[in-house]
Amino acid sequence: MRKPAAAKPATKVKAKKVPVKATAKPAEPAMDVAVGRRIRDLRRVRQFSLETVAARTELSIGFLSQIERGLSSPSLRVLATLADVLGVGIAALFGASPSADGASDQVVTRGLQRPELKLWRTGVSKQLLSPASADNRLNLFLVHLEPGGSTGDELYTHDGEEAGLVLEGEMMLTVDSETWSLKTGDSFRFASRRPHRFSNPANDAKAVVLWVNCVTGAG
């Protein structure tokens, strides 16, 4: 009687390592394209050439062309400068559609219908809470600052006045040569012609600010 053959030891099969590609931050070209188209439309309505806008904003023609084509994501400082030259408040750059009934005196903005301007490269986004219109001089925003988000190192100016209330988190606000740390419940107000910038200094928490802009020279 034959003895059963000894079982062969199982052979371990090494799993092939699949290289993991680094995940890049998703681009948001649709937002850049929408903002660029709105800037181009406003420029054409005012019959301004790219050369004229470049001279008045001190931005290069090439950079302006890239913004209008959605190939570059402008900072809040650049958008504020462009809005001044185009004679509108920054809310006009949201490119929101007019109300369904075509009325220009809309009173209410529903929570699910807020236009948003997302400056995704700098970690700043602005939701327009007041009814959208290029003619509005007073606009209310809900500003979200991602951790480390800011308007940039450079101070900037534009037409009007602004005020706000920190609803969540912390915000660093610089006006002229003075800087304040504002926490939840703190508020502010200043003339927008004074050089300013703002940022979220936190590394792990978002800041939310209720922001009011009053444009005095638009229209």
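The values are calculated or read from the model by the stated rules, or taken from the named source; none is laboratory data. For clarity, every value in this text was computed on a predicted model and none was experimentally measured. Using ideal geometry, Cβ is built from the backbone for each residue, glycine included, and neighbour counts are taken over all protein chains shown. For the accessible areas, the whole protein counts, side chains as well, though only heavy atoms, and no ligand, DNA or RNA atoms are used. Shrake-Rupley method; radii C 1.70, N 1.55, O 1.52, S 1.80 Å.
If you go through the range 62-75, how many residues are in contact with a strand residue (DSSP E or B) (Cβ under 7 Å, 6 or more places away or on another chain) and modelled with pLDDT of 90 or more?
0
From the set of residues in the range 162-190 that are open to solvent by 70 Å² or more (accessible area, probe 1.4 Å) and not basic (Lys, Arg), which is modelled with the lowest pLDDT?
Applying the filter and picking the extreme gives 177.
Are there any pairs, at least 6 apart or on different chains, whose C-beta atoms fall under 6 Å, with the first in the range 175-200 and under 20 Å from residue 154 (Cβ atoms) and the second open to solvent by less than 50 Å² (accessible area, probe 1.4 Å) and of a type in the set (D, E, K, R), and if so, which?
192/162
Does the range 114-133 contain any residue that is within 18 Å of residue 93 (Cα to Cα), in contact with a Gly (Cβ under 8 Å, 6 or more places away or on another chain), open to solvent by 50 Å² or more (accessible area, probe 1.4 Å) and in contact (Cβ under 8 Å) with a residue 12 or more places away in the chain?
Scanning the range 114-133 turns up no residue that is within 18 Å of residue 93 (Cα to Cα), in contact with a Gly (Cβ under 8 Å, 6 or more places away or on another chain), open to solvent by 50 Å² or more (accessible area, probe 1.4 Å) and in contact (Cβ under 8 Å) with a residue 12 or more places away in the chain.
Go through the residues of the range 99-106 one by one and say whether even a single one is outside any strand (DSSP E or B), open to solvent by less than 40 Å² (accessible area, probe 1.4 Å) and at pLDDT 85 or above.
No: zero hits.
Regarding the range 78-92, can at least one residue be identified that is in a loop (DSSP other than H, G, I, E, B) and either modelled with pLDDT of 95 or more or hydroxyl-bearing (Ser, Thr, Tyr) (or both)? Explain how you work it out, then say what you get.
Let us first name the residues in the range 78-92 that are in a loop (DSSP other than H, G, I, E, B), namely 87-89.
Still in the list and also either modelled with pLDDT of 95 or more or hydroxyl-bearing (Ser, Thr, Tyr) (or both): none.
Looking for residues that are in a loop (DSSP other than H, G, I, E, B) and either modelled with pLDDT of 95 or more or hydroxyl-bearing (Ser, Thr, Tyr) (or both), one finds none in the range 78-92, hence no.
Taking the stated definitions as given, is residue 205 within 20 Å of residue 125 (Cβ to Cβ) and of a type outside the set (Ser, Thr, Tyr)?
Answer is yes for this residue.
Can you tell me which residue in the range 134-151 is most open to solvent (accessible area, probe 1.4 Å), limited to those that are closer than 16 Å to residue 192 by Cβ and under 16 Å from the mean Cα position of the chain (by Cα)? Step through it out loud before you land on a result.
Quick first cut of the range 134-151, residues closer than 16 Å to residue 192 by Cβ only: 136-141, 143, 151.
Still in the running and under 16 Å from the mean Cα position of the chain (by Cα): 139-141, 143, 151.
Details: 139: 6, 140: 60, 141: 1, 143: 1, 151: 9 Å².
Out of the qualifying residues, it is 140.
Which of the residues belonging to the range 55-77 are assigned to a loop (DSSP other than H, G, I, E, B) and open to solvent by 40 Å² or more (accessible area, probe 1.4 Å)?
Those that are assigned to a loop (DSSP other than H, G, I, E, B) and open to solvent by 40 Å² or more (accessible area, probe 1.4 Å): 58, 60, 69, 71.
So which residues in the range 32-54 are in contact with a Phe, Trp or Tyr (Cβ under 9 Å, 6 or more places away or on another chain), open to solvent by less than 60 Å² (accessible area, probe 1.4 Å) and in contact (Cβ under 8 Å) with a residue 40 or more places away in the chain? Talk me through it step by step, then tell me what you get.
From the range 32-54, those in contact with a Phe, Trp or Tyr (Cβ under 9 Å, 6 or more places away or on another chain) are 32, 34-35, 38, 42, 54; that's our starting set.
Now restrict to residues that are open to solvent by less than 60 Å² (accessible area, probe 1.4 Å): 32, 34-35, 42, 54.
Within the range 32-54, 32, 34, 35, 42 qualify.
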